[in-house]
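Structure, as structure tokens:
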Amino acid sequence: MARYAERGEAFSRSDGGYMVTLASHPLAYVIQQIKWLGVLLASRGMPRWLLESHLDLLYEELSAAIPKRRIKYRKLLKAAEVLREARHDWVSQTDFETLAATFAANSGGGLAHGGEMLVSAVCDECCGITKAVPSLVVWLGDPTRFSAQWCAALNQTLDNARAMAARNGSPSANLEVSAGAA
């Protein structure tokens, strides 16, 4: 992804390495740290779905490389599940995939997983991360970078995801951040 090219690589090295070290700590601490990191990243335009995916991949790769530590690495998988469950409190996986696929079909292409990032940002916003959508859309909805078709599909996807989340979610569900953090 163009936006995350250099920063994403740096994240993978620094934060990815940090996440691996978390596996040595108790599960409650791992989840606390992943939630904190998720809020930080989502507030800066990287929806928690990306972190969730990164944790799933770390678990798979680390378990394959060092099978005897698989149980230890399950803490990373559990942290990914916590993020996933928070997302599912607002938009089910089936609806998440449908919204993302509709965006991909209507946007004219241009960036892989744009729909997933948009819907995830809406879920993050519903969880109390107030900067989740604006910090993503400032780039992902920039008309100097993307076509009018893309921007229209982006706005429609945000509207649809917010409407779905409003129907499905509970305003008190997973409000997990303080006002200062979001």
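Which one of Val122, Val137 is modelled with pLDDT of 95 or more and surrounded by fewer than 19 Cβ atoms within 10 Å (Cβ to Cβ)?
Working: Val122 fails: surrounded by fewer than 19 Cβ atoms within 10 Å (Cβ to Cβ).
Of Val122, Val137, the one residue that is modelled with pLDDT of 95 or more and surrounded by fewer than 19 Cβ atoms within 10 Å (Cβ to Cβ) is Val137.
Out of all the residues in the range 62-107, which are surrounded by fewer than 13 Cβ atoms within 10 Å (Cβ to Cβ) and assigned to a helix (DSSP H, G or I)? Before you say what the answer is, go through the steps one by one.
Taking the range 62-107 and keeping what is surrounded by fewer than 13 Cβ atoms within 10 Å (Cβ to Cβ), we get 64-68, 71, 85, 93-94, 101, 105.
Ala64, Ala65, Pro67, Lys68, Ile71, Glu85, Gln93, Thr94, Ala101, Ala105, listed by residue number.
Scan the range 108-145 residue by residue and report those that are in contact (Cβ under 8 Å) with a residue 24 or more places away in the chain and either touching a Cys at 6+ places or on another chain (Cβ under 7 Å) or polar (S, T, N, Q) (or both).
Ser120, Thr130, Ser135
Just to be sure I understand the filter: pairs with C-beta atoms under 6 Å, separated by 6 or more residues or on different chains, first member in the range 27-48 and on the phi > 0 side of the Ramachandran plot, second member modelled with pLDDT of 95 or more and of a type outside the set (Lys, Arg). Which pairs pass?
Qualifying pairs under 6 Å: Gly45/Ser135; Gly45/Leu136.
Taking into account only those residues within the range 1-56 that are in a loop (DSSP other than H, G, I, E, B) and charged (D, E, K, R), which is modelled with the lowest pLDDT? Give the steps one after another, and end with the answer.
Of the residues in the range 1-56, the ones in a loop (DSSP other than H, G, I, E, B) are 1-4, 23-26, 43-47.
Next, from what is left, pick out any that are charged (D, E, K, R): 3, 44.
Values: Arg3: 49, Arg44: 96.
Of everything passing the filter in the range 1-56, Arg3 is modelled with the lowest pLDDT.
Is it the case, given these coordinates, that Asn155 is touching a residue at least 60 places away in the same chain (Cβ under 8 Å), farther than 19 Å from Gly38 by Cβ and more than 16 Å from the chain's Cα centre (by Cα)?
On the way: touching a residue at least 60 places away in the same chain (Cβ under 8 Å): no; farther than 19 Å from Gly38 by Cβ: yes; more than 16 Å from the chain's Cα centre (by Cα): yes.
Criteria not met by Asn155.
The values are calculated or read from the model by the stated rules, or taken from the named source; none is laboratory data. All figures in this text were calculated on a predicted structure; none of them were measured in a lab. With ideal geometry, Cβ positions are generated from the backbone for all residues, glycine too; neighbour counts draw on all protein chains shown.
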